[in-house]
Amino acid sequence: MHEDEQQQRGPLAGFTVGVTAARRAEEFGALLERRGATVLHAPALRTVPLADDGELRAVTRQIVESAPDVVIATTAVGFRGWTEAAADWGLGDGLLTALRGAELLARGPKVKGAVRAAGLTETWSPASESLAEVGDRLLAEGVAGRRIALQLHGEPLPGFIESLRDAGAEVLPVPVYRWTDPEDIAPLDRLLDITLARGLDALTFTSAPAAASLLGRGEKRGLLPELLSALRDDVLVACVGPVTAAPLRARGIGTVQPERFRLAPLVQLLCQELPARAPALPVAGHRVEIRGHAVIVDGEPRPVAPAGMALLHTLARRPGWVVARADLLRALPGGGTDEHAVETAVARLRTALGEPRLIQTVVKRGYRLALDPAEDGGGR
């Protein structure tokens, strides 16, 4: 089977997935597309180069002059960027000396690799890759009077810094990432508009700042209530981990997350979750799955125009039940008052599906998905 055929038949065929990542977006998008998804990419933020960040430079000088008792390294790219920026400022050796004398906690295996590449050795790393477990360990040890440098990775776990300070620690945040709006906001606005129109099946986040940025942009445009409704009720929201999901959960948005906080497991999770949200229906002797922008009929993807998909989603809300022409007319994109538009859209839909009997005309009443008798519970 050719690669394009594999994409058409992949577990994500017929689904549209939004990607908000600024970093590794191309890799993430390729993983999704290889499994059949249509990908819409709009970076929700951008980073200021570390060497240009005066606040990081000031904190680094403070650490060099007065070494902390504990250093928490949270991301590999951030840790590498920090040590490289320090070297550019002439503070590299002093920073490494300060880190070498501290209890150095690395949040996960990638961070451990970055720590060791810098010639350092971590004191401990949690098996769970969880910042919460790092905090639990420190609180169990006792932190009163200790000075703790925390490499930020966007937004810390809610309450993390507060819990350490409440226990008597002095916490020094190290802002290795400086997040700001993307240079071109238009792609993010388009992604927002498509989300509000329910043109996405899933929206993905790989950092808490990206989630906060998208919500903030929606609020700035006066669209936050509509955005929250779409994300709570209709669009699957998938996050790489619980820290990333925190700004969304704070707004009452449910999310799904893989057990391992990596891109590949996130893609695998989407491969499970999205098809499960489009259950197969037995219709006129065929197996039909109605996805975001395509229909799978007996395992064969059938691309369907937006008007046809709007009709199908309306019919599928109550499969087997008759839907009046007036209700179907309201579902068509662009509105309109001529019910003849429904007849035209249904005719085109039947052609796209390749099996006219899937959609049954009920004279003087409307149309219905021809759900097989064993499933439809009698006449409707």
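Output the 0 to 90 degree angle, nearest 10, between the alpha-carbon long axis of helix 263-276 and the longest principal axis computed from the alpha carbons of the chain. Once rounded, one gets 30 degrees.
Cross-link partners of LYS364 among aspartates and glutamates, defined as those whose alpha carbon lies under 13 angstrom from its own and excluding same-chain residues fewer than eight positions apart: GLU339, GLU343. Over the residues of the chain, the helix contribution to mean residue ellipticity at 222 nm works out to -13000 deg cm²/dmol, using -39500 (n - 2.57) for each DSSP H run of at least 4. In the chain, the longest principal axis of the Cα atoms and the axis of helix 306-316 are about 80 degrees apart. Of the residues ASP338, ASP181, ASP53, the one that moves most in a GNM of the chain with alpha-carbon contacts below 10 Å is ASP338.
Per residue, the range 191-321 exposes an accessible area of 41 Å² to a 1.4 Å probe, with every protein chain left in place.
Computed over the range 168-284, relative contact order equals 23 percent, with contacts defined as Cα pairs under 8 Å that lie 6+ residues apart.
Shape call for the chain from the C-alpha gyration tensor, a ≥ b ≥ c root eigenvalues: rounded (a/c under 1.5), prolate (a/b greater than b/c) or oblate?
Prolate shape, in that a/c is at least 1.5 and a/b is the bigger ratio.
When you restrict to C-alpha pairs under 8 Å that are six or more residues apart and normalise by the size of the chain, the relative contact order lands at 15 percent. Using a ≥ b ≥ c from the Cα gyration tensor of the range 145-206 (square roots of the eigenvalues), is it rounded, prolate or oblate, where a/c under 1.5 gives rounded and otherwise the larger of a/b and b/c decides, a/b for prolate? The shape class here is prolate. Normalising the average separation of contacting C-alpha pairs (under 8 angstrom, six or more residues apart) by the number of residues puts the relative contact order of the range 43-132 at 29 percent. The peptide list 276-288, 241-253, 116-128, put in order of mean Cβ contacts within 10 Å with the highest first, becomes 241-253, 276-288, 116-128.
The values are calculated or read from the model by the stated rules, or taken from the named source; none is laboratory data. A quick note: this is a predicted structure, and the numbers were derived from the prediction, not measured. Note that we place each Cβ from the backbone using ideal geometry, even for glycine, and neighbour counts take in every protein chain shown. The area values use the complete protein model at the heavy-atom level, side chains included, leaving out ligands, DNA and RNA. Shrake-Rupley method; radii C 1.70, N 1.55, O 1.52, S 1.80 Å.
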